[in-house]
1. How many of the residues in the stretch 55-102 are under 13 Å from ALA12 (Cβ atoms), in contact (Cβ under 8 Å) with a residue 24 or more places away in the chain, away from ligand 1 (no atom under 14 Å from the Cβ) and in a strand (DSSP E or B)?
2. Pick out the one residue from GLY108, GLY185, GLY94, GLY153 that is crowded, with 19+ Cβ neighbours inside 10 Å, away from ligand 2 (no atom under 14 Å from the Cβ) and under 29 Å from LYS35 (Cα atoms).
3. Which of the residues spanning the stretch 1-40 are β-branched (Val, Ile, Thr) and in contact (Cβ under 8 Å) with a residue 40 or more places away in the chain?
4. Among the residues of the stretch 150-191, how many are away from ligand 1 (no atom under 16 Å from the Cβ) and assigned to a strand (DSSP E or B)?
5. Between a residue in the stretch 183-197 that is of a type in the set (S, T, N, Q) and any residue that is within 12 Å of ligand 1 (Cβ to nearest atom) and at pLDDT 95 or above, which pairs come within a Cβ distance under 6 Å, given they are 6 or more apart or on different chains?
6. Given the criterion of a type in the set (Lys, Arg), within 21 Å of ASN135 (Cβ to Cβ) and outside any loop (DSSP other than H, G, I, E, B), identify the matching residue among ARG120, ARG11.
7. From the set of residues in the stretch 128-142 that are on the phi < 0 side of the Ramachandran plot and surrounded by fewer than 21 Cβ atoms within 10 Å (Cβ to Cβ), which is modelled with the lowest pLDDT?
8. Quick one: is GLY215 of a type outside the set (Lys, Arg), in contact (Cβ under 8 Å) with a residue 60 or more places away in the chain and on the phi > 0 side of the Ramachandran plot?
Amino acid sequence: MQQPMLNIAVRAARAAGDIILRATDKAAHLQVEYKGKNDFATEIDRFAEREIISIIKAAYPEHGFLAEESGEHAGNEYVWVIDPLDGTTNFVHGFPQYAVSIALKVKGRLEVGVVYDPLRDELFTAKRGGGAMLNNRRLRVTNLTSMKGALIGTGFPFKVPQHLDAYMEMFKAVTIDSAGIRRAGSAALDLAYLAAGRLDAFWEIELKEWDMAAGILLLKEAGGVATDFSFNDGYLESGNVIAGSPRMHQLMYQLIEPHVTDALK
Ligand code: IPD
Ligand code: CA
Ligand code: CA
């Protein structure tokens, strides 16, 4: 059941990736639509999403969708969670870090995840219980056991400035103890990189489910863990997430927890 669905997800991610690649050179000239505070979309986000949904629908007409640009589409207990272009701000600036993210949830549980970077032709895939892969290579989180030497991924809370003070305290604590922090601009790729051992841990405030769903499955299947800021499982709902290998997650939690406000719990 998982493998055919993963195959369809890969086909859809590659098709969306082709649309994005073809538009890369004209990205700076695309009309940017303003959806909310610091929240943008282009026609490419919408074309790519339409293509993904049409490919999946052709194979599985009864399935439902939760997609960033078109919202919820009712269906059965199989729900595809889609971010057609994660890193739109990078895309329109020609900053080469963006990806397609597609996950399948069945009765609330993540079963299949794909994050595809069309620029580098890097395909990250995961099946629940079946491991995580980058192209044909099996992925594993890093085995670092201290913050010394750790490279940490994050995203700035530019859509939710009310959390900026709390975030800056977290940032200070992590900066002091780690080897460095990267804000690359695509949460889906950040989580995929964490699964691939390119980052040692990650945290962000108020992500959306479509930013995270595929990346979280990749991380878990690569031996990593994730929690929200109360050490619970509610990160897909709250969007507040701390992630890493079990050890790095624990160390990050200790640094971040003292700065978690009531609004972030
Ligand atoms: C954004 C990226 C970014 C994160 C933002 C997201 P988008 O997604 O994942 O890394 O910090 O919160 O909204 O809007 O480019 O799909
Ligand atoms: Ca996104
Ligand atoms: Ca997006």
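The values are calculated or read from the model by the stated rules, or taken from the named source; none is laboratory data. Since the model is a prediction, treat every value here as computed from it, not as a measurement. As a convention, Cβ positions derive from the backbone with ideal geometry for all residues, glycine included, and neighbour counts pool all protein chains shown.
1. Count: 1.
2. It is GLY153.
3. Listed by number, the residues that qualify are ILE8, VAL10, ILE20, THR24, VAL32.
4. 2
5. Close Cβ pairs satisfying both conditions: SER186/ASP86; SER186/GLY87; SER186/GLN97; SER186/TYR98; SER186/ALA99.
6. Every option except ARG11 fails the conditions.
7. Looking at residues that are on the phi < 0 side of the Ramachandran plot and surrounded by fewer than 21 Cβ atoms within 10 Å (Cβ to Cβ), I get ASN136.
8. Taking the combined requirement at face value, the residue does not satisfy it.
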